[in-house]
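The values are calculated or read from the model by the stated rules, or taken from the named source; none is laboratory data. Computed from a predicted model, the values in this text were never measured in an experiment. Cβ coordinates were reconstructed from backbone atoms using ideal geometry, including for glycine residues, and neighbour counts include every protein chain displayed. We work out accessible area using only protein heavy atoms, side chains counted, and drop any ligands, DNA or RNA first. Shrake-Rupley method; radii C 1.70, N 1.55, O 1.52, S 1.80 Å.
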Amino acid sequence: MADIGYLCIWLAIASAVFAIAANLLGVRRRYPELVASGEQAVVAAAGLTSLAAGFLVLLFLMQDYQVNYVAAHSSRAMPLLFRLSALWSGQEGSLLFWAWILSLYSLVVVYFNRNQHRAIMPYTLATLMTVLAFFLSLVALIENPFKMLDFVPQDGNGLNPLLQHWAMAIHPPMLYIGFVGTTVPFAFAMGALAANRTGSEWVQLARRWALLVWTFLTIGIMLGGAWAYMELGWGGYWGWDPVENASFLPWLAGTAFVHSIIVQERRGMLKIWNFILVGLFFGLAIFGTFLTRSGVVSSVHSFAQSPLGPYFVGFITFIMLVFLGLLIMRWEELRSPNKLESPVSRETAFLMNNLVLLAIIFAVFWGTIFPMISEIVVGDKITVGPPYFNQITIPLFGALLVLMGIAPMTSWGRATLSKLVRNLALPFIASGVITLVLFLLGLHGPALIAYAIILFVLAVHVDEFYSGSRVYHAATGANWPKSLVATVRRNRRRYGGYIVHLGILVIAIGVVASNVFQLERQATLKKGETMTVGDFSVQYQDMQGLAFPDRDVTVALVRASQNGRDLGLLMPSQDLYRATNQPQTEVAIRRSPTEDLYIVLGGWEAKGDTATFKVFVNPLVSWVWGGGLVVVLGILVAAWPDGRRRTSTVRIPEAVPAK
């Protein structure tokens, strides 16, 4: 089975290479039959890559420990869920998983565009297959997941204890689907440039794909934060880790792109800018993949030292040079006759939004790669920690939120400052009054400024929903809830975007509270002793030892109370995995909408007579996850089809045009 899986990889590479050649030769020589053959080769590559991935999954399920990758990342004691997730837990399997997802994306692109967009599709598919061939070649030549051992171990080493958590069974696939998916809008952009179809066609194709990819990146980042919060035992969910940054960078670029294409669709502007952004979207995703697999950064998320780094650098350089070359060729044709007509127009607001996002991207990118640069220049890795990222990005995020509040109140084209001031007056006054109340209640400093901005943006969006509903209510006499739902349905894209903005605001509220107002205390307690953190009291009662097939668990029994009200027992623990002799902390969390009580068992002495605990009180941290759900809901609303079937008027040409 391992040999067949490895053969499938090579056959998939051959199919991808044939697809590249057939599509490019077919479109240049005007042989539609050859283009059609190239499309079938894409289907074949997807099928063969799926077979290879399927065989690797079967080897895990069959517990074939003669396969080195299976032995290194699974064991007999592992539950079925973690045996399945072991597919992407190591270097070799994750690369195959990356290629498998891309092959499925390519299959979907072929299926939905088989009778339309014929001018750009050959170049689009050639781009997709180039990326697929690269990743499959890494699997076949450098990181082979089907490599066999000379002997058959009785059992495997088991999965890394850090990865044996439900979130890690979902978080990596979500990020992979997002990372890999950036290839599709990039491929459409390459197709548009190569075919000289640089109008709105490729933007319409890329928009839904970009939203889909951005959604999965959002879910992946949120799940990664949840995993870090529950599993790493440090009381937080985002630490500006290099691999966290690697997922955040393409998310930022995607955010800029999905906003910027609105200007091109509405006003025919920012064409060059949009090509640059989609290239950045894809390039940063590949950079993130390189960062996690090259071993150049130290992170709990990254893989070990690997020879893949130079190959990734070479590939990124090659494909970006081709992309920039095509962009330069079409530069003059991409210039828009429309210009910014007002400094307070919506176009200007979107452009400023993009500039701020690019500033954040540069700041995060520089802080992430600086240790690598310092090692090359001075021979020593200089670590860049959270203080740098917080100092640079927090003001920029504040500016981004302000723009989020101003943009909905601006007008397209020849907007005037007086009209903008009138539109902003009511939200500004409403948010100012609430901010004053917060100040009188004792909220001061950076938190007050942050919440003042959030309240302003919230007031703007509430006003937008109210204004739209009021018009429908006045015209139909429907009640207010029905008017609100109807308003959203009539303009899903606009109000879906506003719902996304509301989700971002909910996340911002949680981030500010859980960082500014977090309480932390560490103490060593004897049995029966109590420590107090804020309104919470934590009493150490007892310690127990438990044995499982793969690990030994030490559990502390802790009784928690808040202002004298009993909250029950919490059980922080430490697990010791026998196969690797690796300890793993399991935190105990008592959740509520207002604050989390977060307890970590740090250590113990004299068989549990005394134990050390670290306790955090994290205000509004659940709002971070709740805001993520609102963001996803908004994307679904914005991207949901309107139910009206659109018939294509595009006919299949007898010969595929060369341009």
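The single condition from (1) of a type outside the set (Lys, Arg); (2) open to solvent by less than 30 Å² (accessible area, probe 1.4 Å); (3) at pLDDT below 90 that residue 383 fails is (2).
Being in contact (Cβ under 8 Å) with a residue 40 or more places away in the chain and among the aliphatic types (A, V, I, L, M) is a property that residue 513 has. Scanning for something over 25 Å from residue 32 (Cβ atoms) and more than 27 Å from the chain's Cα centre (by Cα), does the stretch 125-141 turn up at least one residue? Checked the stretch 125-141: at least one residue is over 25 Å from residue 32 (Cβ atoms) and more than 27 Å from the chain's Cα centre (by Cα). For the stretch 323-346, filtering for residues that are of a type in the set (Val, Ile, Thr), assigned to a loop (DSSP other than H, G, I, E, B) and open to solvent by 100 Å² or more (accessible area, probe 1.4 Å) leaves 0.
The single residue among 196, 157 that is at pLDDT 90 or above and farther than 24 Å from residue 248 by Cα turns out to be 196.
Pairing each residue of the stretch 135-164 that is farther than 24 Å from residue 106 by Cα with any residue that is open to solvent by 70 Å² or more (accessible area, probe 1.4 Å) and among the hydrophobic types (A, V, I, L, M, F, W, C), provided the two are 6+ apart or on different chains, yields C-beta distances under 6 Å for 157/579; 158/579. The set of residues from the stretch 394-419 being in a helix (DSSP H, G or I) and either over 23 Å from the mean Cα position of the chain (by Cα) or over 21 Å from residue 255 (Cβ atoms) (or both) comprises 402, 405, 406, 407, 408, 409, 417, 418, 419.
Criterion first (of a type in the set (D, E, K, R), open to solvent by 80 Å² or more (accessible area, probe 1.4 Å) and closer than 18 Å to residue 350 by Cβ) does residue 422 satisfy it? So residue 422 fails the test.
Looking only at the stretch 27-39, residues that are over 15 Å from residue 129 (Cα atoms) and either surrounded by 22 or more Cβ atoms within 10 Å (Cβ to Cβ) or within 31 Å of the chain's Cα centre (by Cα) (or both) come to 1 in all. The set of residues from the stretch 568-611 being in contact with a Gly (Cβ under 7 Å, 6 or more places away or on another chain), modelled with pLDDT under 95 and not hydrophobic (A, V, I, L, M, F, W, C) comprises 577, 580, 585. Residue selection: residue 588 fails the criterion of being touching a residue at least 40 places away in the same chain (Cβ under 8 Å), closer than 19 Å to residue 162 by Cβ and of a type in the set (A, V, I, L, M, F, W, C). All of 363, 349 fail the test of being of a type in the set (Gly, Ala, Ser) and surrounded by fewer than 17 Cβ atoms within 10 Å (Cβ to Cβ), apart from 363.
A quick yes/no check of all residues on (1) out of contact with any Ser or Thr (no Cβ under 7 Å at 6 or more places or on another chain); (2) closer than 16 Å to residue 169 by Cβ:
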site	(1), (2)
72	yes, no
84	yes, yes
100	no, no
114	yes, no
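No other residue among 83, 76 is closer than 20 Å to residue 165 by Cα, open to solvent by 20 Å² or more (accessible area, probe 1.4 Å), of a type in the set (Lys, Arg) and part of a helix (DSSP H, G or I) apart from 83. Given the criteria under 20 Å from residue 184 (Cα atoms), among the small types (Gly, Ala, Ser) and crowded, with 22+ Cβ neighbours inside 10 Å, does residue 22 qualify? So residue 22 passes the test. Counting only strands (runs of 3 or more DSSP E) wholly contained in the stretch 525-586, the ones carrying 3 or more residues that are under 30 Å from residue 78 (Cα atoms) occupy 536-547, 551-562, 573-577, 582-586.
Scanning the stretch 601-615 for residues that are over 14 Å from residue 562 (Cβ atoms) and crowded, with 21+ Cβ neighbours inside 10 Å yields a total of 3. Within this structure, residue 9 fails the test of being among the β-branched types (Val, Ile, Thr) and open to solvent by 20 Å² or more (accessible area, probe 1.4 Å). Residues that are over 19 Å from residue 568 (Cβ atoms), open to solvent by 50 Å² or more (accessible area, probe 1.4 Å) and touching a Phe, Trp or Tyr at 6+ places or on another chain (Cβ under 9 Å) within the stretch 525-551 comprise 526, 551, listed in sequence order.
Against the condition in a helix (DSSP H, G or I), without any contact (Cβ under 8 Å) to a residue 12 or more places away in the chain and over 32 Å from the mean Cα position of the chain (by Cα), how does residue 467 come out, does it pass? Spelling it out, residue 467 is indeed in a helix (DSSP H, G or I), without any contact (Cβ under 8 Å) to a residue 12 or more places away in the chain and over 32 Å from the mean Cα position of the chain (by Cα). So the check is Cβ under 7 Å with 6+ separation or different chains; which pairs have a first residue in the stretch 13-32 that's at positive phi and in contact (Cβ under 8 Å) with a residue 24 or more places away in the chain and a second one that's open to solvent by 30 Å² or more (accessible area, probe 1.4 Å) and in a helix (DSSP H, G or I)? Pairs found: none. Does residue 450 fit the bill of being buried (at least 20 other Cβ atoms within 10 Å of the Cβ) and touching a Pro at 6+ places or on another chain (Cβ under 6 Å)? Spelling it out, it is not the case that residue 450 is buried (at least 20 other Cβ atoms within 10 Å of the Cβ) and touching a Pro at 6+ places or on another chain (Cβ under 6 Å). Restricted to the stretch 105-123, and to residues there that are touching a residue at least 40 places away in the same chain (Cβ under 8 Å) and not in a loop (DSSP other than H, G, I, E, B), the residue that is most open to solvent (accessible area, probe 1.4 Å) is 107. Yes or no: residue 244 open to solvent by 30 Å² or more (accessible area, probe 1.4 Å), acidic (Asp, Glu) and touching a residue at least 12 places away in the same chain (Cβ under 8 Å)? Spelling it out, it is not the case that residue 244 is open to solvent by 30 Å² or more (accessible area, probe 1.4 Å), acidic (Asp, Glu) and touching a residue at least 12 places away in the same chain (Cβ under 8 Å).
Are any of the residues in the stretch 182-193 modelled with pLDDT of 90 or more, among the hydrophobic types (A, V, I, L, M, F, W, C) and open to solvent by 20 Å² or more (accessible area, probe 1.4 Å)? Within the stretch 182-193 (the criterion being modelled with pLDDT of 90 or more, among the hydrophobic types (A, V, I, L, M, F, W, C) and open to solvent by 20 Å² or more (accessible area, probe 1.4 Å)), the answer is no, since none of the residues qualifies.
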